[in-house]
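Remarks on the structure that follows.
The values are calculated or read from the model by the stated rules, or taken from the named source; none is laboratory data. Bear in mind that the values here come from a model prediction, so they are computed numbers and not experimental data. In this analysis, Cβ positions are derived from the backbone assuming ideal geometry, glycine residues included, and neighbour counts consider all displayed protein chains.
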Amino acid sequence: MNAFSHHFTFEFRTGIRNKQLLLMNYLFPLGFYLMMGFIMPGINPPFRAAIIPAMVVFSVLSATLLGIPDPLVNARENGIFRSYKINGVPSISILSMPAITTLLHLTIVAVLITVTAPVLFDAPLPVNWLNFVIIVIAIAIASAGTSVLIGVVSPNSRMTVLWSQIIFVPSMMLGGLMLPYSMLPAIAGKFAQLLPATQAMNAFNGLAMGKTADFLPWGSVVILLTGGFLAFGLAVYLFSWDNHNATRRGNPLLAWLVLVPYVIGIFLLS
Amino acid sequence: MNDSMIEAKDFRKTYGNYVAVDSINFDVKQGEIFGLLGPNGAGKTSTLECLEGLRQSNGGTLRVAGIDPAHDSRKLRNVIGVQLQSAGLPESITPVEAIRFFCAYHEVAPRLDLLERLGLREKQDTQFFELSAGQQRRLSLALAVAHNPKVLFLDEPTAGLDVASRAELHDLMQELKANRTTIILATHDMAEAEEMSDRVAILLKGTLVAVGTPLEITATGAGLTKVSVHTQNACLSAHDINLPAVSQHVTKDEYNIYFSSDIGSLLSAIITTIQAQGDTLIDLRVERPSLEDRFLEITNTGVSR
């Protein structure tokens, strides 16, 4: 086994051993999925058609936004990155490995949801599986990249919670998971387009679930992928080995550049 | 032939206007154990971190095994081993995983034998946060030496270790030294520095105030040698006995304890007096000033004599 596979194996196991990560990767999304599956179709029957994409997006947001940033900040604060630097672990591995292993965890959860939802809740399956997989990968990359960036630029754990919730909570309310995008007021809809969840749900509707997209669905996929890779690139650029070391190459405010693809999307996709 | 493994020439480190290390010079030979001593804030950590490539110096030159630590960090990684003061490992990693993980990045075979050597075999599958402080430090040490570094940096290596672990660590240090590994030992434990180091350097407020062997450093101070004497009839306690070259005299537990800077004259007078009084010597101990005494003297006065 080479360094990559040792690192990958360790990080993957951490996602199960660490109680916080186990909660965010598996217990919280699957528990929420079951709760919503049993409750929401009775209250809002059209939700049944959106269970699979909505709960997959929820799982992605939970595992990434709530699971990735805090361990990164803690590792930096506790000198783990210094130890990594001394032993030759490159920064790109430090940042990519939690994202890659999280993608694997949420793939498992996405499969569980997709397989069980039709049986448990009579939820319709995707009509285009290839597009469904592409969109899952796109939202996972977008959300993981953003989460890594939050972990890199946040000065402490409290700030990771703040930044993560600033994305997570509006995603739940406006991202098309609970309410269709078309029901949002126009101004709220524009704001919602800044959220990866909105772009993902739009793409799912237009490309995978046989429904109508509210704006150009492939454009949403492009925005998610561009936003994800841009966020990861910014995270690598802004990475700092420890809290006291002035090795950061740029101002953390540069992280706001991650919104550029989404802002462009507001003007081009509508 | 220059066999220096570490060279610092006019090395300077500042943080804004604060000068942490002010143009110091020293070198460490291959296979040498070099103690780096100093009170908190003396500049030890800044010096170590610059040598380890974790920080950049603000002046002068540093070389570690011929490598500039600030500009060739990739080469440096495989040449140095570092036991950090804080272990710096993820809380869920196990000792076996940690060894495999770091050895893989150093591109060497995993040294799992070190777990046995350092008493971690039974804990090899225990997560890091479940290890005791001593076990965490031993694991950190194992990781520092697992890739056979040419230069090993030990920062407070015995803090939190029990007696047996400490002895094992010292054995390991001697073994590494025998294999020509250069060791930089930063410690507050003066006894350890005196016992283990070939040479020590004392840093004070960013300047190097003393460099030399522990014997050289203790010999150059104004410290007084302690002579403790116990005789059968306590003849030395008589009021009319006056010994030469005595700076201070106290009695404790049937011992007469003298402090002197001229122990030749003092010892000669003690023996002569005991014989003249027809007394019998039971115990006589001569204790030269320790490195700790000398260290305190230097750090209190701020100068080396």
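Does any residue in the range B:245-274 that is closer than 13 Å to residue B:229 by Cβ come within less than 8 Å, Cβ to Cβ, of a residue that is assigned to a strand (DSSP E or B) and among the basic types (Lys, Arg) six or more places away or on a different chain, and which pairs are these?
Taking only residues 6 or more apart or on different chains, the pairs are B:257/B:226; B:258/B:226; B:259/B:226.
Go through the range A:149-158 and give me each residue that's touching a residue at least 12 places away in the same chain (Cβ under 8 Å), surrounded by fewer than 21 Cβ atoms within 10 Å (Cβ to Cβ) and part of a helix (DSSP H, G or I). Steps first, please.
First, pick out the residues of the range A:149-158 that are touching a residue at least 12 places away in the same chain (Cβ under 8 Å): A:149-157.
If we keep only those that are surrounded by fewer than 21 Cβ atoms within 10 Å (Cβ to Cβ) too, we end up with A:155-157.
The answer is A:157, and nothing else.
Which count do you get for residues in the range B:112-139 that are in contact with a Gly (Cβ under 6 Å, 6 or more places away or on another chain) and aliphatic (A, V, I, L, M)?
Residues meeting the conditions: 1.
Restricted to the range B:69-80, and to residues that are more than 10 Å from chain A (Cβ to nearest Cβ) and under 12 Å from residue B:54 (Cα atoms), which residue is surrounded by the most Cβ atoms within 10 Å (Cβ to Cβ)?
Going through the qualifying residues, I end up with B:69.
Only residues that are aliphatic (A, V, I, L, M) and crowded, with 21+ Cβ neighbours inside 10 Å: list them for the range B:94-103, please. Give the derivation first.
Just the residues of the range B:94-103 that are aliphatic (A, V, I, L, M), to begin with: B:96, B:98-99.
Result: B:98, B:99.
Which of the residues belonging to the range B:276-292 are of a type in the set (D, E, K, R) and either at pLDDT below 90 or assigned to a helix (DSSP H, G or I) (or both)? Quick ask: steps written out before the conclusion?
Step one: filter the range B:276-292 for residues of a type in the set (D, E, K, R), giving B:279, B:283, B:285, B:287-288, B:292.
Answer for the range B:276-292, where residues must be of a type in the set (D, E, K, R) and either at pLDDT below 90 or assigned to a helix (DSSP H, G or I) (or both): B:287, B:288, B:292.
Inside the range A:114-138, can you point out the residues that are without any contact (Cβ under 8 Å) to a residue 60 or more places away in the chain and within 23 Å of the chain's Cα centre (by Cα)?
Hits for the range A:114-138 are A:115, A:116, A:130, A:133, A:137.
One line per residue, one yes/no per condition, for (1) outside any helix (DSSP H, G or I); (2) among the acidic types (Asp, Glu); (3) in the same structural domain as residue B:197 (by TED's automatic domain parsing):
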site: B:240; (1), (2), (3): yes, yes, no
site: B:245; (1), (2), (3): yes, no, no
site: B:251; (1), (2), (3): yes, no, no
site: B:269; (1), (2), (3): no, no, no
site: B:274; (1), (2), (3): no, no, no
site: B:294; (1), (2), (3): no, no, no
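State whether one or more residues within the range A:222-239 are within 14 Å of chain B (Cβ to nearest Cβ), closer than 30 Å to residue A:79 by Cα, more than 14 Å from the chain's Cα centre (by Cα) and assigned to a loop (DSSP other than H, G, I, E, B). Walk me through it before giving the result.
The initial filter retains those residues of the range A:222-239 that are within 14 Å of chain B (Cβ to nearest Cβ), namely none.
No, the conditions are met nowhere in the range A:222-239.
Just to check your reading of the model, which residue among A:66, A:21, A:34 is within 27 Å of residue A:155 (Cα to Cα), modelled with pLDDT of 90 or more and either within 14 Å of chain B (Cβ to nearest Cβ) or under 21 Å from the mean Cα position of the chain (by Cα) (or both)? Explain how you work it out, then say what you get.
On the way: A:21 fails: modelled with pLDDT of 90 or more; A:34 fails: within 27 Å of residue A:155 (Cα to Cα).
Residue meeting the stated conditions: A:66.
For the range A:85-96, what are the residues that are in a helix (DSSP H, G or I) and touching a residue at least 24 places away in the same chain (Cβ under 8 Å)?
A:85, A:91, A:92, A:93, A:94, A:95, A:96
Can you tell me which residues in the range B:81-94 are small (Gly, Ala, Ser) and facing chain A (nearest Cβ under 7 Å)? Break it down stepwise before answering.
From the range B:81-94, those small (Gly, Ala, Ser) are B:81, B:86-88, B:92; that's our starting set.
If the condition is that a residue be small (Gly, Ala, Ser) and facing chain A (nearest Cβ under 7 Å), then B:86, B:88, B:92 are the ones that fit.
Would a scan of the range B:7-29 turn up a residue that is in contact (Cβ under 8 Å) with a residue 24 or more places away in the chain and either under 30 Å from residue B:123 (Cβ atoms) or part of a loop (DSSP other than H, G, I, E, B) (or both)?
no
Is at least one residue of the range A:254-265 over 30 Å from residue A:45 (Cβ atoms), in contact with a Phe, Trp or Tyr (Cβ under 9 Å, 6 or more places away or on another chain) and within 14 Å of chain B (Cβ to nearest Cβ)?
No, the conditions are met nowhere in the range A:254-265.
Each row is one residue, and each column tells you yes or no for (1) at pLDDT 95 or above; (2) in a helix (DSSP H, G or I); (3) within 14 Å of another protein chain (Cβ to nearest Cβ).
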| residue | (1), (2), (3) |
| --- | --- |
| A:49 | no, yes, no |
| A:57 | yes, yes, no |
| A:71 | no, yes, yes |
| A:74 | no, yes, yes |
| A:81 | no, yes, yes |
| A:98 | no, yes, yes |
| A:102 | no, yes, no |
| A:130 | yes, yes, no |
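Within the range B:157-167, can you find the residues that are closer than 23 Å to residue A:83 by Cβ and modelled with pLDDT of 85 or more? Write out each step before concluding.
To start, the set of residues in the range B:157-167 that are closer than 23 Å to residue A:83 by Cβ comprises B:157-161, B:165-166.
Listed by number, the residues that qualify are B:157, B:166.
Only one of (1) over 37 Å from the mean Cα position of the chain (by Cα); (2) closer than 30 Å to residue B:42 by Cα; (3) of a type in the set (Ser, Thr, Tyr) fails for residue B:280. Which number is that?
So residue B:280 meets the others, but not (2).
Quick check, is residue B:57 part of a loop (DSSP other than H, G, I, E, B) and at pLDDT 90 or above? Break it down into steps so the answer makes sense when it comes.
Details: part of a loop (DSSP other than H, G, I, E, B): yes; at pLDDT 90 or above: yes.
In short, yes.
Do we find that residue A:27 is over 24 Å from residue A:203 (Cα atoms) and in a helix (DSSP H, G or I) in this structure?
Details: over 24 Å from residue A:203 (Cα atoms): yes; in a helix (DSSP H, G or I): yes.
Yes; evaluated as a whole, the condition is true for this residue.
So for the range B:117-126 (the condition being modelled with pLDDT under 90, surrounded by fewer than 20 Cβ atoms within 10 Å (Cβ to Cβ) and closer than 26 Å to residue A:2 by Cα), does at least one residue qualify?
Yes: one or more hits.
When you scan the range B:221-266, how many residues do you find that are within 14 Å of residue B:289 (Cα to Cα) and touching a helix residue (DSSP H, G or I) at 6+ places or on another chain (Cβ under 8 Å)?
Selection size over the range B:221-266: 7.
Where in the range B:95-147 are the helices (runs of 4 or more DSSP H), entirely inside, with at least 2 residues that are at the interface with another protein chain (Cβ under 10 Å from one of its Cβ atoms)? Step through it out loud before you land on a result.
Values: elements: B:95-106, B:113-117, B:133-145.
Per the criteria, B:95-106, B:133-145.
I'd like to verify a number: residues in the range B:232-260 that are loosely packed, with under 15 Cβ neighbours inside 10 Å and of a type in the set (Ser, Thr, Tyr), how many?
Summing the residues that are loosely packed, with under 15 Cβ neighbours inside 10 Å and of a type in the set (Ser, Thr, Tyr) in the range B:232-260 gives 3.
Identify, by number, the condition in (1) out of contact with any Ser or Thr (no Cβ under 6 Å at 6 or more places or on another chain); (2) over 28 Å from residue A:118 (Cα atoms); (3) buried (at least 19 other Cβ atoms within 10 Å of the Cβ); (4) without any contact (Cβ under 8 Å) to a residue 40 or more places away in the chain that residue A:174 doesn't meet.
(2)
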